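Read-outs throughout are calculated quantities, based only on the coordinates presented, and are distinct from any laboratory measurement. Bear in mind that the values here come from a model prediction, so they are computed numbers and not experimental data. Here the Cβ positions follow ideal geometry from the backbone for every residue, glycine too, while neighbour counts run over all protein chains shown.
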Amino acid sequence: MEEATTPIEPTAAAAATQAEAAEAGHPAAAGAHEPHGHHSPPTGFIRKYIFSIDHKVIGIQYLLLAITAAFIGMFMSVLMRLNLTWPGHKWTILETLFPLGAPGGVMTPEFYLSLVTMHGTIMVFFVLTTAPQGGFGNYFLPIQVGAEDMAFPVLNMLSFWVTLVGLVVLISAIFVEGSTILGNTDFVNNFLGGGGTGTLGPIGGWTGYPPLSALGKIAGPGQGAGATLWITSIAIFCIASLLGALNFITTLLNMRTRGMSLMRMPLTCWSWFTTAILALLAFPVLLAAGVLLLLDRHAGTSFFIPGGLVFSDAVLPNKGGSPILWQHLFWFFGHPEVYIAILPGMGATSHILSTFARKPVFGYRAMVFAMFAIGLLGFFVWGHHMFISGMDPRTSIAFSVLTLSIGVPSAIKTFNWLGTLWGAKIRFTVPMMFAIGFVSLFVAGGITGLVLGQTSLDLFIHDGYFVLAHFHLVMGVAAIFGMFAGVYFWFPKMFGRMMSERLGQLHFWPTFIGVYGIFVPMHIMGIVGMPRRYASFQEYDFLRPLDPLVMLVTIAAIVTAAAQFIFLFNFIWSMFKGERASGNPWEATTLEWVTPTTPPPHDNFGGHLPTVYRGPYEFAVPDAPEDYVLQTTPDAAAGNVAAHAAGQGVQGSSGNGHNGQH
Amino acid sequence: MGRALGVLIWLLTIGSVWLFVNGRWWLPPYISEHGPAYDRQFLITIIVVGISFVAAQVGLGIAVWRYGSRGDRRERAVYSHGNNRLEIVWTAITALIFITLGLMGQRVWAQLHLNEAPAGATKVHVVAQQFQWNFHYPGADKTFGRTDPALVKDAELNFVGLDEQDANAKDDQVVTTLAVPVGRPIELTLQSKDVTHDLFVPELRYKQDVVPGMAIKMHFTLTKEGRFELACAELCGQLHYKMKSYLIALPANVYDELVALPQAQFQGRITQLIKEYPMGIKQGAATTAAR
């Protein structure tokens, strides 16, 4: 492990490349990137760490927000498992914590459903959308493309703070519904629809299907103030994500440094770019849907409420709305959202696999195209969430065939990951373990899309535990493995210290085994017919044979959850006590590893933007002095790499042929 | 480390496959005409999924087993940026398999959803409400009486808002259990009074949302007698998990006698049938009754 912190001086070679880059239509080639006055670092604590416009600080803020949210969401999932496994058991601690939700220590069904809803909302929005994109993307996209900051630093700061407001509003739903005192204040009663029902927010699931979510208190507990705050929080989150997406796209297109052509970008940048495009197109639709739902709830409109509804023998005055309209709008967002969660994980995994395999990414160009294909197709398959919704069954067939075809680019990515590992010299560091875990879990979770994507098979399998297993494995756990890989990989750059390898391994093994133990049995539950979102399985005889599996899943969940505290401890401890990290501890190739200091200075490159000479994954280049060649190493110093890769991260033919030629 | 990880990946693969093949847990037995076709397509898909899953995990395991670094700083991995021919081959193969599977997966769906129920199908209206299923039978005249949401009076047991003044309503029956004949096409019309529900009978191999504001039709033919649990499969609120009823599949003649009963005796007979039919497929009964 050696220091690789040489500041990059402009050289004659740089000028030459600048001309090349200009030919490639590269925007940064005009030499617009000299150090700017506004990039002098702030000095006050508040401007530096709280209301910071530094993308790196904002990235860490996002990451900390996501870690906090993840632990809240995980705590909720453990509570759910306890209720499902020991129905009716008295948990004294529960009564202490939630006197309304668990009177006598026994969870009420509405409390359980509010856990379902809040767990889903917190995890999908504030963890899976926040950490991989807002966290790592914010921190590393500008550095990896060689920019001093995001294109719009103030907007960037705003998008974080708006996200935080969204989380605070969501969490406040817990209190207005969970407390009779807060739930009965004038404000809550008059403006939010009334609370204090002993839940932790709404009970309509994270998908919030109307009319259940649109009618307010008459639809049951949790549907008053909690639901209002819940949908408000989602609308706020949409705005934050939009701001973030604009920034990502602009930065990536306009602020790449000399020589950083699109096809020389690390795959992480491609994944953040694709994700940002998805977010830009998907979130406005959810925002619109959210506003319409709020109007239905509070302004007496009927966008999603049909005529003739009867509650307590009284016919509601609403007319003409369509519950299915919400589902179209929601899933038009909701399906791309799945890819918003997983694509950055794919990028990080490709990046990390290549680094520790000490081998170029197999099929870089195919990886880029596959990522875009997934993103594009992701917009045409939302109907597969709705086969049995009452939508026109002919439409379902089109959605179904398109859905199955999305498996093709996903398979391409898997093949290319295996291709990257084939013939490698793998260094089994903790980030590499998690990246390999990602591949395993992505396959395990993604492949069952072949079952769920078929209209016919949804006749039985829809809305059951098979779906739950599928999406938790792929967009939940695989995506989180991508995040863990990212944390362990980039921690040294972000905090200047290494995370403990030993504690990291201790975290990886039980987590990897644990998530298989939780989610594979859930497929079986789905095959037997277990429906989702049931507060108890005691009512149905046909679910009895599943009791041992329910127990197994709960034990696995508790073990897995416990193992996450090893991570938390490692994360906090290493921040202060970890071994000091060198500038490029992993001997990696991309620009985040050539910053003059670690963590990088305020303007990332100390006033001298790097020049890029080659693709991102030049490992194992024959005749090069080391087994890795930095993107910034001029051709003359890099041995024969120029002859091999011509400065482009593109595929040649199979690698063996190259060895003999030089 | 690499070898341990490789072995772990294989063990997890074996464990996962075992859960699927041990024979202890699988789809419940089917009771409908489209059941065998459903089960066949499900099995074919699971086999394709299983083979792909195992192949990928075994490959991953082999890679991490074989290609670990020995810690020698002079060692180099194979220098390769990929192989276009391989990319084309594996893309073509997966596209062929996945899309074929996708097309096959439309058959049962098309058969149930792109055709109307045959003429003369037995008709029942399903009216869902928060945490209760109501089944409305047309009675001997085979014509449904008029209903109106304004007439709903739960306390007087008029759950579906049946207009007692309507001549066609005189012989209608409304109960909370679904009794239907075996061997005859059945058409259910699904309506909801309040929020979205979903009618789900595992053995039927059919799930259909019940959406307020819509009257969604579903049709199927039963092949086996018995009594089966009927659940709500779309989150409908607080007591969603308790929104339970039964489907009783009766021989055609028993069904005919049932629907000929006057309203006063109908509920009593249903209660009797629930007792007569233990849960599950009725043993010893003819599997396909006469059409």
For segment A:522-588 and segment B:156-177, what is the separation of their C-alpha centers, rounded to whole Å? 50 Å
For chain B, what is the percent of antiparallel DSSP beta bridges, rounded to the nearest 5? 70 percent
Using Stokes-Einstein with the Kirkwood hydrodynamic radius over Cα pairs, what translational diffusion coefficient do you get for chain B at 25 °C and a viscosity of 0.890 mPa s, in µm²/s rounded to a whole number? 108 µm²/s
Multiply the residue separation of B:ASP72 and B:ALA110 by 0.36 nm, subtract the distance between their alpha-carbon atoms, and state the gained length in nm to one decimal. 7.6 nm
HN-Hα couplings for segment A:468-483 via Karplus (6.51, -1.76, 1.60; θ = phi - 60°), in whole Hz with x for Gly/Pro, come out as 4, 4, 4, 7, 5, 5, 8, 8, x, 6, 4, 4, 5, 4, x, 5
Of the DSSP beta bridges with both residues in the protein assembly as shown, give the percent that are antiparallel, rounding to the nearest 5. 75 percent
Find me the longest stretch of chain A that has none of the exposed trypsin sites (Lys or Arg not before Pro), where exposed means in a DSSP loop (not H, G, I, E or B) with at most 15 other Cβ atoms within 10 Å. A:320-662
Calculate the mean, over all residues of peptide B:188-201, of how many other protein chain Cβ atoms lie within 10 angstrom of the residue's Cβ. 5
Does segment B:33-102 classify as rounded, prolate or oblate by the C-alpha gyration tensor (a ≥ b ≥ c root eigenvalues; a/c under 1.5 gives rounded; else a/b over b/c gives prolate, otherwise oblate)? oblate
Length added when fully stretched, A:THR250-A:ALA636, from 0.36 nm per residue minus Cα-Cα: 135.7 nm
Any of B:LYS217/B:LYS275; B:LYS193/B:LYS244; B:LYS193/B:LYS282 with alpha carbons more than 22 Å apart? Name them for me. B:LYS217/B:LYS275; B:LYS193/B:LYS282
Based on C-alpha coordinates, I'd like the Rg and Dmax of segment A:237-358, in Å. 20.8, 71
R0 = 35 Å: FRET efficiency of B:VAL17 with B:ILE99, Cβ-based, nearest 0.05? 0.90
Report the far tail of the P(r) of the protein assembly as shown, meaning the percent of Cα-Cα pairs longer than 42 Å. 38 percent
Shielding by partners for A:322-328, please: the mean number of other protein chain Cβ atoms within 10 Å of each residue's Cβ. 3
Whole-Å distance linking the alpha carbon centroid of segment B:1-67 with that of segment A:252-276 is 37 Å
At A:PHE372 and A:THR597, where each label point lies 7 Å from the Cα along Cα→Cβ, what is the point-to-point distance in nanometres? 4.0 nm
Can you give the average number of partner chain beta-carbon atoms within 10 Å of each beta-carbon in peptide B:84-91, as a whole number? 6
A:ALA288 to B:GLN165: FRET efficiency via 1/(1 + (r/R0)^6), r the Cβ-Cβ distance, R0 60 Å, to the nearest 0.05? 0.85
When A:LEU128, A:LEU329, B:LEU96 are ordered from fewest to most other Cβ atoms inside 10 Å of their Cβ, what list results? B:LEU96, A:LEU329, A:LEU128
What list do you get for A:SER172, A:SER354 if you sort them by fewest beta carbons within 10 Å? A:SER172, A:SER354
Hey, fewest Cβ within 10 Å first, where do A:THR199, A:THR403 land in order? A:THR403, A:THR199
Inter-probe distance in nm under a simple model that places probes 7 Å from Cα toward Cβ, at A:LEU506 and B:GLN267: 6.5 nm
What span do the alpha-carbon atoms of segment A:259-301 cover on each of the three principal axes, reported in whole Å from largest to smallest? 57, 13, 9
Could you please state, rounded to a whole Å, how far the C-alpha centre of segment A:487-510 is from the C-alpha centre of segment A:71-137? 28 Å
Just to be sure I understand: with springs between alpha-carbon atoms less than 10 Å apart, which residue in B:LEU261, B:LEU239, B:LEU19 has the highest mean-square fluctuation in the Gaussian network model of chain B? B:LEU19
